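The values are calculated or read from the model by the stated rules, or taken from the named source; none is laboratory data. In this text, all values refer to a predicted model and were calculated from it rather than measured experimentally. When we count neighbours, we look across all protein chains shown, and the Cβ atoms used for this are built from the backbone with ideal geometry, even at glycine.
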Amino acid sequence: MTQFNDLNLDPKVLKAIAEAGYETPTPIQAGAIPPALEGRDVLGIAQTGTGKTASFTLPMITLLGRGRARARMPRSLVLCPTRELAAQVAENFDTYAKHTKLTKALLIGGVSFKEQDALIDKGVDVLIATPGRLLDHFERGKLLLTGVQIMVVDEADRMLDMGFIPDIERIFGLTPFTRQTLFFSATMAPEIERITNTFLSNPEKIEVARAATTGENIKQGVVMFRASRKDREGSEKRALLRRLIDAEGESCTNAIIFCNRKMDVDAVAKSLKKHGYNAEPIHGDLDQSQRTRTLDGFRAGEVKILVASDVAARGLDVPAVSHVFNFDVPSHAEDYVHRIGRTGRAGRKGSAIMICNPRDEKNLEDVERLVQNTIPRLEDPKGAKPAPAEAPVAEAANEEERPRRTRSRTRSRSRDEARPEDKSAAAAEPKAEAKPAPKAETKPQPKAETKPEPKAEAKPEAKTEPKPEAEPKPAAEPASEPKRGEARGNDRNRGGRDRRRNEARDEDVVGMGEDTPAFIAKSFEERRAS
DNA sequence: AAAAAAC
C-alpha cells in the first residue's frame with residue numbers, strides 16, 4: 001500500500017505529516033497528490049471526511065517550497081464557500097507547512113481589512129479566501145492575482161448552490177492562463193461540468209466513493225411528530241428534542257443539532273440553554289468572532305451541543321461527534337447526507353436522529369429515496385402526548401417563540417458564569433417545565449423500534465401548475481414614496497413642496513388600487529384630527 | 001423556503 005513516504009513530497013512536509021501521526025494517505029490523497037506534484041490539473045470528486053483538504057495542501061506546500069512571495073502578488077489561491085471552511089484550510093496549512101517558511105493569509109469577511117491588507121502587502125505564498133472578500137480586496141486595488149501559479153476551488157458544488165459561480169469565473173479570469181488548477185466537488189452537476197471544461201486543462205480525474213453514504217456505522221432514526229396545536233408547535237418540538245437527547249443518555253457525548261432556519265437555531269439553542277443543556281448556536285447571522293469562538297469551544301469539548309444551520313452541514317471538520325439531531329428534515333435531500341456525515345466519522349459509531357412533522361413528510365420521502373433506504377421510525381421516548389394543560393400564555397412568556405436577535409448577537413461575557421454547567425443543573429431548576437402532566441414513566445423507552453416500511457416509489461416529479469395570475473399588481477414604490485415625507489417627519493421634506501405633493505396625492509393615489517384604506521388618502525393633519 | 005457570502 002502507498003505510504004506518504006512513497007509520494008514525492010517535500011521532506012519537511014513528510015516530517016510534519018509524521019508528527020501529525022499519519023502514515024497512509026486516503027484514496028483521494030493517493031490519487032490527487034502525484035498528478036498535482038507533476039503540475040497537472042486535478043479534478044477531485046470527493047466529499048469531506050475523505051481527506052480532501054490535505055490532498056491539495058500537501059502538494060501545494062511542496063510545489064511552493066522554492067521561490068519567494070512578492071508584495072501583493074500571492075503565488076497560490078484557495079477558494080472556499082464558507083468562512084469556517086476557509087479557516088479550516090488555513091489551519092491545515094499551518095499544520096503541514098510548519099517546517100517551511102511559507103507565508104499565508106486568510107481573507108474572509110466579518111473581520112477587519114487591516115491585518116489582511118498588511119499581510120498581502122508583505123507578500124504571501126498562499127491566499128485562502130471566500131470569494132466575496134477576495135474580490136473586495138481586488139477591487140480596492142490591494143491585490144494582484146497575476147502571480148497565482150496554483151489555484152484551488154474547494155467544495156465547488158456548494159459554491160454553485162450559493163450562487164458563487166459567477167465570482168469564481170471572474171476570479172479564474174484574473175489569474176494567469178498558465179496556472180495549475182486543483183478543483184474539488186462532491187458532485188458533478190452540469191454547471192460544474194461546464195466550469196471544469198472551461199477552466200481545467202486535461203485534468204487528472206479522481207473520484208472516490210461517497211464518504212458517508214449514510215454509512216452502516218451510523219444508526220439512523222426518525223420520529224414522526226405532530227403538534228397538538230399550531231401555536232405550540234415550536235415548544236412541543238423543542239420538548240421532544242430534549243426527550244430525544246435525554247433518551248440517548250451517556251452515549252451522547254456531544255452533538256450537532258441542525259435546523260433549517262436561523263430563527264430556529266436561535267430558538268432551539270436558547271431553549272436548550274434555559275433547560276440547562278450546554279448548547280451554543282452557530283449560523284451566518286452571528287458575529288464572526290462568536291462563530292469562531294463557538295466552534296473552537298465545540299472542538300475543545302467545552303460546548304457539548306452545537307445548534308447549527310447548514311453553515312455547518314458540509315466541510316466542517318468536527319471530530320468525533322456522537323450524535324446528529326435533525327430538528328427539521330432538510331429540504332435538500334443531499335443535505336441529509338452531509339448533515340449526518342458529521343457523525344460516525346473514521347469508522348466510529350454515530351447516531352442520527354431526526355424529527356419529522358407532517359409538513360416535512362414530502363422532504364422525508366425525498367431523503368429516503370436518495371439514501372435508498374427507509375429510515376427506521378422511532379417512538380417518542382416518553383410516548384406521552386404533549387401536556388394539554390400547558391398554557392400558551394405561560395409558554396409564550398417562558399419560551400419566547402421569537403428570538404430577539406439583538407440580544408443573542410451582543411451576548412455579554414457574563415453568560416459564561418450564568419450558564420448552568422450541565423444537565424444535572426436542569427433537574428434542580430425550579431420551573432424547568434411547569435407541566436401538570438402525569439409523570440408516570442420514569443424510564444425512557446428503548447428507542448429504535450424499527451418498522452421497515454415499503455420503500456416509497458419514485459413519483460413523477462413536481463407537476464408545475466401555473467398559478468392563476470392574480471390581479472395585476474401596481475408597483476408599490478409610488479405609494480410608499482409620498483408617505484415617507486410625513487411618516488418620518490423628515491425636516492428636509494417639510495414645507496410647500498411637500499404639501500403640494502400631499503394635495504396632488506388626494507386625487508391620484510397610486511399603488512393600492514381599489515383597496516386603499518381611506519385614511520391613507522388623508523393628509524397627516526387630517527389623520528391626527530380624526 | 002432557506003442558508004451562505006461583501007461593505
Q | Selected residue (only one of A:Val265, A:Val367 is surrounded by 23 or more Cβ atoms within 10 Å (Cβ to Cβ) and in contact with a Cys (Cβ under 8 Å, 6 or more places away or on another chain)) | A | A:Val265
Q. What residue, of A:Thr50, A:Thr100, A:Thr57, is modelled with pLDDT under 90 and either touching a helix residue (DSSP H, G or I) at 6+ places or on another chain (Cβ under 7 Å) or surrounded by fewer than 24 Cβ atoms within 10 Å (Cβ to Cβ) (or both)?
A. A:Thr50
Q | Matching residues in the stretch A:243-262 - criterion: being part of a loop (DSSP other than H, G, I, E, B) and surrounded by fewer than 19 Cβ atoms within 10 Å (Cβ to Cβ) | A | A:Thr253, A:Arg261
Q: Give the residues of the stretch A:62-100 that are within 25 Å of A:Leu316 (Cα to Cα) and among the basic types (Lys, Arg), sorted by residue number.
A: A:Arg83, A:Lys98
Q: For the stretch A:121-155, name all the residues that are modelled with pLDDT under 95, away from DNA strand B (no atom under 14 Å from the Cβ) and not in a loop (DSSP other than H, G, I, E, B).
A: A:Asp121, A:Lys122
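Each row is one residue, and each column tells you yes or no for (1) surrounded by fewer than 17 Cβ atoms within 10 Å (Cβ to Cβ); (2) away from DNA strand B (no atom under 15 Å from the Cβ); (3) part of a helix (DSSP H, G or I).
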residue	(1), (2), (3)
A:Arg158	no, no, yes
A:Thr187	yes, yes, no
A:Ile206	no, yes, no
A:Ser228	yes, yes, no
A:Arg232	no, yes, yes
A:Leu241	no, yes, yes
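Hey, among A:Thr196, A:Thr181, which residue is among the polar types (S, T, N, Q), buried (at least 17 other Cβ atoms within 10 Å of the Cβ), away from DNA strand B (no atom under 16 Å from the Cβ) and assigned to a strand (DSSP E or B)?
Working: A:Thr196 fails: assigned to a strand (DSSP E or B).
Step by step, each of A:Thr196, A:Thr181 is checked, and only A:Thr181 is among the polar types (S, T, N, Q), buried (at least 17 other Cβ atoms within 10 Å of the Cβ), away from DNA strand B (no atom under 16 Å from the Cβ) and assigned to a strand (DSSP E or B).
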**Q.** Candidate set from the stretch A:297-310 (those that are closer than 15 Å to A:Phe258 by Cα and modelled with pLDDT of 90 or more); member that is farthest from DNA strand B (Cβ to nearest atom)
**A.** A:Lys304
Q) Does A:Glu38 count as more than 16 Å from DNA strand B (Cβ to nearest atom), among the acidic types (Asp, Glu) and under 26 Å from A:Thr146 (Cβ atoms)? A) yes
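Would you say A:Arg68 is closer than 30 Å to A:Asp285 by Cα, surrounded by fewer than 24 Cβ atoms within 10 Å (Cβ to Cβ) and charged (D, E, K, R)?
Working: closer than 30 Å to A:Asp285 by Cα: no; surrounded by fewer than 24 Cβ atoms within 10 Å (Cβ to Cβ): yes; charged (D, E, K, R): yes.
No.
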Q: Can you tell me which residue within the stretch A:89-120, out of those that are within 16 Å of DNA strand B (Cβ to nearest atom) and in contact with a Leu (Cβ under 7 Å, 6 or more places away or on another chain), is farthest from A:Met159 (Cα to Cα)?
A: A:Ile120
Q.
Just to verify a result, which residue in the stretch A:263-296, among those that are in a helix (DSSP H, G or I), more than 9 Å from DNA strand B (Cβ to nearest atom) and among the acidic types (Asp, Glu), is nearest to A:Ala87 (Cα to Cα)?
A. A:Asp296
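Restricting attention to the stretch A:39-78, report how many residues are in a loop (DSSP other than H, G, I, E, B), among the basic types (Lys, Arg) and within 26 Å of the chain's Cα centre (by Cα).
Keep residues of the stretch A:39-78 that are in a loop (DSSP other than H, G, I, E, B), which gives A:39-41, A:46-51, A:65-69, A:71-72, A:74-75.
Pick out the ones that are also among the basic types (Lys, Arg) and you get A:40, A:66, A:68, A:72, A:75.
This time we only want the ones that are within 26 Å of the chain's Cα centre (by Cα), so: none.
Result for the stretch A:39-78: 0.
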Q: Evaluate the stretch A:324-342: report whether one residue or more is surrounded by fewer than 22 Cβ atoms within 10 Å (Cβ to Cβ) and away from DNA strand B (no atom under 16 Å from the Cβ).
A: no
Q) What are the residues in the stretch A:343-364 that are hydrophobic (A, V, I, L, M, F, W, C) and either part of a helix (DSSP H, G or I) or surrounded by fewer than 24 Cβ atoms within 10 Å (Cβ to Cβ) (or both), if any? A) A:Ala346, A:Ile355, A:Cys356, A:Leu364
